[in-house]
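Asker: One structure coming up, written as structure tokens, with questions to follow.
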Amino acid sequence: MANDRRDFLRAASLAALALTVGRRDALAQTPAGAAVKIGMVGSGREGSALGTLFVKAGHATMFSSRHPENLRDFVTGLGPLAQAGTVEQAIAFGDVVAIVVPYTAMEQIGKANAAALARKPLVLDVSNPIARRDGEDLLKWVNEQGGAGLATARLLPGARVVRAFNAIGAGRLASLAHRSGDPVGVPIAGDDPAAIALAERLIREIGFEPVLIGGLAKGKYLVPGTPLGGEHTPAELRQIAGGLH
């Protein structure tokens, strides 16, 4: 009887895992234009600006805060596709999760939500370690991991991480989106092909052109102050990325 119960529980667990993986992979392959639910972890200036672009592109988006009631007026102004919740609610809500927080918060987010984040087809890492805000010790640790991309992957084990929007200021996102003529390029770094493809699709839908510069090991270049930082055309980004090691 005990063996039968163990076998049943094991089969149920494998079935649940298969459903999760199947749904995750299906979401990763959604066609352009199909709505995707976005969970925004962090609703400061950058998170609010980026999430607003997702809403305008037709994606239901949950903005999160430790005090979601403070976001009520903001989400009401964005219309029915926007809502507010806690961090845990935003992660549960989103098919895709964008993390836009001070880097000191990344470790706790991983400890509390690693399993949930690992089930997502894409986790967008929009967070940067900044010494004056996050401390020299944290910056030293990030550098020891090989930079922000690999550090985030370590703090969010199992997550399909793609770094993006790390070096374009919040105040410029709205005005640069859907720029006529040559679009503004967004350098991205990731290791999972399906997650990269989904990130590229979402970036195009909100009015930018993604430029893959390499795997998460190249994520260290996606911070302000590096040659890839600021506003560049896709061709300029490709030329700059070609000289990186």
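Asker: Could you figure out which of (1) open to solvent by 20 Å² or more (accessible area, probe 1.4 Å); (2) over 27 Å from residue 223 (Cβ atoms) isn't true of residue 57?
Answerer: Unmet for residue 57, out of (1) open to solvent by 20 Å² or more (accessible area, probe 1.4 Å); (2) over 27 Å from residue 223 (Cβ atoms): (2).
Asker: Residues being part of a helix (DSSP H, G or I) and either among the basic types (Lys, Arg) or over 17 Å from the mean Cα position of the chain (by Cα) (or both): count how many of those fall in region 69-111.
Answerer: Going through region 69-111 one residue at a time, the tally reaches 11.
Asker: Something else: In region 119-150, which residues are among the hydrophobic types (A, V, I, L, M, F, W, C) and over 22 Å from residue 43 (Cα atoms)?
Answerer: Scanning region 119-150 gives 138, 139, 141, 142, 150.
Asker: Right, residue 203: without any contact (Cβ under 8 Å) to a residue 40 or more places away in the chain, within 19 Å of residue 96 (Cα to Cα) and of a type outside the set (D, E, K, R) or not?
Answerer: Against the criterion (without any contact (Cβ under 8 Å) to a residue 40 or more places away in the chain, within 19 Å of residue 96 (Cα to Cα) and of a type outside the set (D, E, K, R)), residue 203 qualifies.
Asker: Right, something else. Select the helices (runs of 4 or more DSSP H) contained entirely in region 114-205, then report the ones holding at least 3 residues which are under 20 Å from residue 39 (Cβ atoms) and either modelled with pLDDT of 95 or more or of a type in the set (Lys, Arg) (or both).
Answerer: Correct list: 148-155, 193-205.
Asker: Let me ask something additional. Among residues belonging to region 39-54 that are open to solvent by 20 Å² or more (accessible area, probe 1.4 Å) and outside any helix (DSSP H, G or I), point out the one that is nearest to residue 121 (Cα to Cα).
Answerer: 43
Asker: Could you list, ordered by first residue, the pairs with Cβ atoms under 6 Å in which the first is in region 88-107 and within 14 Å of residue 118 (Cα to Cα) and the second is in a helix (DSSP H, G or I) and at pLDDT 95 or above, at least 6 apart or interchain?
Answerer: If the second residue must be in a helix (DSSP H, G or I) and at pLDDT 95 or above, the pairs left are 91/113; 91/116; 97/91.
Asker: Here are some residues: 229, 215, 219, 146. Which one is in contact (Cβ under 8 Å) with a residue 60 or more places away in the chain, in contact with a Gly (Cβ under 8 Å, 6 or more places away or on another chain) and open to solvent by 10 Å² or more (accessible area, probe 1.4 Å)?
Answerer: Matching residue, one of 229, 215, 219, 146: 215.
Asker: So which residues in region 209-245 are farther than 14 Å from residue 150 by Cα and part of a strand (DSSP E or B)?
Answerer: 209, 210, 211, 212, 213
Asker: How many residues are among the basic types (Lys, Arg) and surrounded by 21 or more Cβ atoms within 10 Å (Cβ to Cβ) if we restrict to region 104-127?
Answerer: So the count comes out to 1.
The values are calculated or read from the model by the stated rules, or taken from the named source; none is laboratory data. Bear in mind that the values here come from a model prediction, so they are computed numbers and not experimental data. Glycine gets a Cβ as well: all are built from the backbone with ideal geometry, and neighbour counts include every protein chain shown. Just so you know, the surface numbers come from the protein's heavy atoms only, side chains and all, with ligands and any DNA or RNA stripped out. Shrake-Rupley method; radii C 1.70, N 1.55, O 1.52, S 1.80 Å.
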